[in-house]
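Since the structure comes first, as structure tokens, the remarks are kept for the end.
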Amino acid sequence: MEIKTFGDLIDWTRQLHTYLAKCLHESAANNPDERAGALLDYVSQHESLLAKAVTEFEKQADTKAMQTRLYDYTNHKPIESHRTCDTHYAELDFQGIAREVFDFHDQVMALYDILISKAEIPEARSLLEDLKSLEEHEAMLLARQIGRMDDL
């Protein structure tokens, strides 16, 4: 996907979460470890909900900010697709799955940090800060739930 505007960035983020949810769901049935399979199912559902939240965010975002051109995106190292587009999660244990999922979220938040530092208009900066806040909040919820699952 070619990202030209902040609207494109938000749409791309939604697509990443949707695709990650799909891959995790497909991997869950193939993981021989029951705990890891349960984690994959949970995280898949969480990513689906996050994709829906990003969709709602997109609907409510400032139109001016959404149409703002995004020139600095190509200077950022892209999020590694192998972490989001295959079913290798079926081969990972509980901790490996957690590491990969948090790494994915960390990469998204790092991208937002870079773009926040370069945003020139207040509406664009606010949009990115809100997106980052959503990602941080969801990552914290995920961490808390994964911690509880790991305790079982």
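The values are calculated or read from the model by the stated rules, or taken from the named source; none is laboratory data. Note that this is a predicted model, so its numbers are computed, not measured. Heads up, the Cβs are rebuilt from the backbone with ideal geometry, glycines too, and the neighbour counts pull from every protein chain shown.
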(message) Take the residues in the stretch 13-38 that are within 10 Å of the chain's Cα centre (by Cα) and of a type in the set (A, V, I, L, M, F, W, C); name whichever of them is farthest from A98 (Cα to Cα).
(response) L16
(message) Name the residue that is farthest from H105 (Cα to Cα), counting only residues in the stretch 31-73 that are among the β-branched types (V, I, T) and touching a residue at least 40 places away in the same chain (Cβ under 8 Å).
(response) T68
(request) With respect to H76, determine if the residue is at pLDDT 90 or above and either surrounded by 14 or more Cβ atoms within 10 Å (Cβ to Cβ) or in contact with a helix residue (DSSP H, G or I) (Cβ under 9 Å, 6 or more places away or on another chain) (or both). (result) no
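Quick grid of which residues meet (1) among the aliphatic types (A, V, I, L, M); (2) at pLDDT 90 or above; (3) under 17 Å from L20 (Cα atoms); (4) surrounded by 13 or more Cβ atoms within 10 Å (Cβ to Cβ):
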site	(1), (2), (3), (4)
M109	yes, yes, yes, yes
A124	yes, no, no, yes
L131	yes, yes, no, yes
Q145	no, yes, no, yes
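Within the stretch 49-70, identify whether any single residue is touching a Ser or Thr at 6+ places or on another chain (Cβ under 8 Å), assigned to a helix (DSSP H, G or I), over 23 Å from E136 (Cβ atoms) and modelled with pLDDT under 95, and answer yes or no.
Among the residues of the stretch 49-70, not one is touching a Ser or Thr at 6+ places or on another chain (Cβ under 8 Å), assigned to a helix (DSSP H, G or I), over 23 Å from E136 (Cβ atoms) and modelled with pLDDT under 95, which makes the answer no.
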(request) Scan H82, H137, H105 and give me the residue that is modelled with pLDDT under 90, out of contact with any strand residue (DSSP E or B) (no Cβ under 6 Å at 6 or more places or on another chain) and of a type outside the set (A, V, I, L, M). (result) H82
(message) So A110 passes all but one of these: (1) over 18 Å from F57 (Cα atoms); (2) touching a helix residue (DSSP H, G or I) at 6+ places or on another chain (Cβ under 8 Å); (3) of a type in the set (G, A, S). Which condition number does it fail?
(response) (2)
(message) I'd like the full set of residues that are exposed (fewer than 15 other Cβ atoms within 10 Å of the Cβ) and over 23 Å from A53 (Cβ atoms), limited to the stretch 1-38.
(response) E2, K4, A29, N30, P32, E34, R35
